[in-house]
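Every read-out reported here was derived from the displayed coordinates using simple, explicitly stated rules and does not represent laboratory data. Everything quoted here is computed from the prediction, not taken from an experiment. When we count neighbours, we look across all protein chains shown, and the Cβ atoms used for this are built from the backbone with ideal geometry, even at glycine.
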Amino acid sequence: MRASKRVSTGLLAGTGTVLAGAVLFDVYEDWLVQGEPLWTSLFENSLPLLLVGVLPWAAWRLYSSDRSAAYTTSVTKGTLLGAGTMLLIASWVVGIQLFQGQLKPKMIVVQTTTVGAVAGLVAGYNTAEVEQARETTKRQKHRFESLFANSPSAIVDLAFEDSDGRDSATSPTGPGDDPVIERTNATFDDLFDYVDTDPSGRPLFEVIPPESRETREEMRAHVERGDVYTTETTQFTTEGGKDFTLRLVPYGDRRAYAIYQDITELKRSQRELERTVDQLERSNEQLQQFAYVASHDLQEPLRMVKSYVDLLETEYGDDLDEEADEYMTFAVDGAERMQRMIDDLLQYSRVETQASEFEEVDASDVLETTLKDLELRIAEVDATVTHDDLPTVRADPNQLGQLFQNLIKNAIDHAGDEPPEIHVSAEQDETDREVDFSVADDGPGIPEDQQERIFEIFEQGGRDDDGTGIGLAVCQRIVNRHGGDIWVESTDGEGSTFHFTMPAASTQQAETSEPQIQ
Amino acid sequence: MTDRDPVDILLAEDNPGDVKLTKKALEQGKLVNNLHVVNDGVGTMAYLRNEGEYADTPRPDLILLDLNMPRKDGRDVLEDLKADEELRRIPVVVLTSSDAEEDVVKSYELHANAYLTKPVDFDGFLEVINTLEEFWLEVVKLPPE
């Protein structure tokens, strides 16, 4: 830096000296040798004389200024260029006139002035450019300042080594490389209670303690490499303890912005969400466990009732009267009904416990298999089951089969006196993410006030049948597991259409909506 | 083979109702048998190892094992039994009210010789016990003691 300054100053001073010598020689010749009046001679040399005056002044200014090297160099270059051009032109003009043997001072003045004007124009243009650049810089600075001041994040401008050579080891926090705060924004001051005092000049870690030693070292390492460093930190603020993401963005030479973004709310809701999910998972698991244990452990006493009633009948049947027989029939009926309920409960709990992975399945194939399984039942009531071509969906194949089976069985079980006609169809929605299946029957329909209740466990919608009312509850559970919906559209007396949606093939949606249980 | 020696069957079962049912069913079977009953897992192992009150009891030809028993459950009994060089050859039939897949899998993993779910009605139970008796004590050839 200093070397370039010396060179520039030397050049200016040298040029000035050479020019002064030339002018003095010329004046000496004109005045003393040729006997011209002194003022003519001085007038002729007025331009170089001006330069002789200006150059040392410029050299002095440069030498004493603390501007940057680039500034010094450009001023020097400009001066030398301007002076050189004018000298060249002046001597060219004078040379020609001398060659012609006749000096025309007016001509010299006109020509040199023209060149001076051009040089002035160039210099002016240059200055304008500089001004413009300064304007742009100012605008950028303003822009940055506005952003810095109004940012919702707390921002600290940091220096990792003082440019004045002040060693940060002298800071009160002792030896170490603690970055020093250059300035902070209003958000920072508000948050860390520095509205009335200025934290500038203090080590960052004194103002905001780091969480651990590693953090300091890592911060320093990142700044030295010029990498952005991100971490999370909890700090005590005017609004109490808060969580922040700290982004350390290095710029320039060992400098960085520390940006503290308040993520307390985010953290809090995240924790809450995690807790809720946890609780849900636990309660779901417990429910699962309950359903399983209930169905499993209920079998035991039931078996006792049933076996011993049987035994009573086998061994003492002959000794019992008609009334006792009737009692036994009721006991057996009750036990059998309970048996069915337990089996259903087990089936219901197995929707989650014995589930398979989702895969791409051709719904038509699944339905065909289901219809084969139901062949006997269909023939028994002389039902007609028709279906459209069904698309491929992403589902648990067994459960999709169970869905079709339960819905078709439901339609058969609740058909009126006429042989039921059942039709299965599917529609893919516009966004192609879901398939809407429907199973329509021509049965007696379901009154509107019962249409939601029928999906509840052990709910039979007030209809008279010997089922336990778990079929539709199982359907709902299966559909839920697939992230779909199930509902019924029905007008009393005009049949019902059960709808359910399943994720269409080759969408990832199903995976995200599948509850991760067990 | 009906004139062969009576067979010894060990029934490990805590529910007296089931003990009675099994007895009834075996009474109606073709084979002459001695049914020995233990009510928990610890008793089962004591019986098999002729410990304490079971010092003079005969080694069973077949073990009927309930999975859910107090003190030491059927799974633990199975594990100990099948790890014991002396006892592992005695066929063990798990006879339980559970038809849970995990119980079935677990039992076979522990080298149970068969897994049966107790039927709900007595006729069914009778049938199962008869089939069992016939298969394990008449059809299959077992290693000599």
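Scanning for something closer than 23 Å to A:HIS296 by Cα and buried (at least 18 other Cβ atoms within 10 Å of the Cβ), does the range B:42-62 turn up at least one residue? No, the range B:42-62 contains no residue that is closer than 23 Å to A:HIS296 by Cα and buried (at least 18 other Cβ atoms within 10 Å of the Cβ). Test A:ALA324 against the criterion of being within 14 Å of chain B (Cβ to nearest Cβ), of a type in the set (A, V, I, L, M, F, W, C) and surrounded by fewer than 17 Cβ atoms within 10 Å (Cβ to Cβ), and give yes or no. Answer is no for this residue. Flag set for A:ARG340, criterion: more than 25 Å from B:ASP14 (Cα to Cα) and within 13 Å of another protein chain (Cβ to nearest Cβ).
Residue check: is B:ALA114 more than 14 Å from chain A (Cβ to nearest Cβ), under 20 Å from B:GLU133 (Cβ atoms) and surrounded by fewer than 18 Cβ atoms within 10 Å (Cβ to Cβ)?
Numbers: more than 14 Å from chain A (Cβ to nearest Cβ): yes; under 20 Å from B:GLU133 (Cβ atoms): yes; surrounded by fewer than 18 Cβ atoms within 10 Å (Cβ to Cβ): yes.
The answer is yes for B:ALA114.
Selection over the range A:286-312 of residues that are in contact with a Phe, Trp or Tyr (Cβ under 9 Å, 6 or more places away or on another chain) and either more than 9 Å from chain B (Cβ to nearest Cβ) or among the aliphatic types (A, V, I, L, M) (or both) gives a count of 4.
Taking the criterion of being away from chain A (no Cβ under 14 Å), within 15 Å of the chain's Cα centre (by Cα) and under 30 Å from A:ALA331 (Cα atoms), would at least one residue in the range B:90-99 satisfy it?
Of the range B:90-99, the ones away from chain A (no Cβ under 14 Å) are B:90-94.
Pick out the ones that are also within 15 Å of the chain's Cα centre (by Cα) and you get B:90-94.
From what's left, under 30 Å from A:ALA331 (Cα atoms): B:94.
Scanning the range B:90-99, I find at least one residue that is away from chain A (no Cβ under 14 Å), within 15 Å of the chain's Cα centre (by Cα) and under 30 Å from A:ALA331 (Cα atoms), so the answer is yes.
Looking at this structure, is A:ARG275 over 30 Å from A:THR231 (Cα atoms), loosely packed, with under 14 Cβ neighbours inside 10 Å and among the basic types (Lys, Arg)? No; evaluated as a whole, the condition is false for this residue.
So in the range B:67-87, with the set limited to residues that are exposed (fewer than 12 other Cβ atoms within 10 Å of the Cβ) and among the charged types (D, E, K, R), which one is farthest from B:GLU109 (Cα to Cα)? Looking at residues that are exposed (fewer than 12 other Cβ atoms within 10 Å of the Cβ) and among the charged types (D, E, K, R), I get B:GLU86. A Cβ distance below 8 Å, combined with a sequence gap of six or more or placement on separate chains, defines the contacts here; from the range A:297-308, residues that are surrounded by 22 or more Cβ atoms within 10 Å (Cβ to Cβ) reach residues that are among the aromatic types (Phe, Trp, Tyr) in the pairs A:LYS306/B:PHE122; A:SER307/B:PHE122; A:SER307/B:PHE125. Do the conditions hold for B:VAL104, that is, is it free of Cβ contacts under 8 Å to residues at least 60 places away in the same chain, buried (at least 20 other Cβ atoms within 10 Å of the Cβ), of a type in the set (Val, Ile, Thr) and within 14 Å of chain A (Cβ to nearest Cβ)? Judged against the criteria, B:VAL104 is not a match.
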